[in-house]
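Everything below concerns the one structure shown next.
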Amino acid sequence: MPELSAAEKDFLRRKHEQTSKLRAEYLKQISNPHRHATGEGGTLFDAGLARFQAMRVSNYEHFRPTGVAFRTGMFAVVLPIVLYAWALKSERDGREHKYRTGQVAYKDRQFKFI
């Protein structure tokens, strides 16, 4: 692992201190046994989680159809369905052709009425 410069070490130290402060504050608030007296209830409001949930809900409102979105939808949804339908159809047509030309006896068929 390469050595870090003094500026990078200072940045990582400040980031660790900030994370530690936020973690201590969160643990202090979440473990407060008198939260019910403040009228807040038993849950802790997390601004980051609220932003994330709001982003997930309003995702459709901010969607812009682009070529990348089209390709993603095409390759992830439409193309697999079409390929699977083509594979089923060709396999069934091949099996039906064998049945109709007499290459498979009735007793050897996979699905029969008797």
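No lab work stands behind these numbers, since they all come straight from the coordinates. All values reported here derive from a predicted model rather than from experimental measurement. Counting neighbours? That spans all protein chains shown, and the Cβs are built from the backbone with ideal geometry, glycine included.
The convex hull of the Cα atoms of the chain, projected and averaged over all directions, covers 20.4 nm².
Within a straight-line Cα-Cα reach of under 23 Å, Lys9 can be paired with the following lysines, leaving aside sequence neighbours fewer than 8 residues apart in one chain: Lys21. In summary, the aspartates and glutamates within cross-link reach of Lys112, defined as a Cα separation below 14 angstrom excluding same-chain residues under 8 places away, comprise Glu96. Just to be sure I understand the curve: with the Debye formula and one point per C-alpha of region 65-107, what is log10 I(q)/I(0) at q = 0.14, 0.15 Å⁻¹? Evaluating at q = 0.14, 0.15 Å⁻¹ gives log10 I(q)/I(0) of -0.50, -0.53.
Measuring r between the beta carbons of Leu79 and Asn59 and using R0 = 22 Å, the FRET efficiency lands at 0.40.
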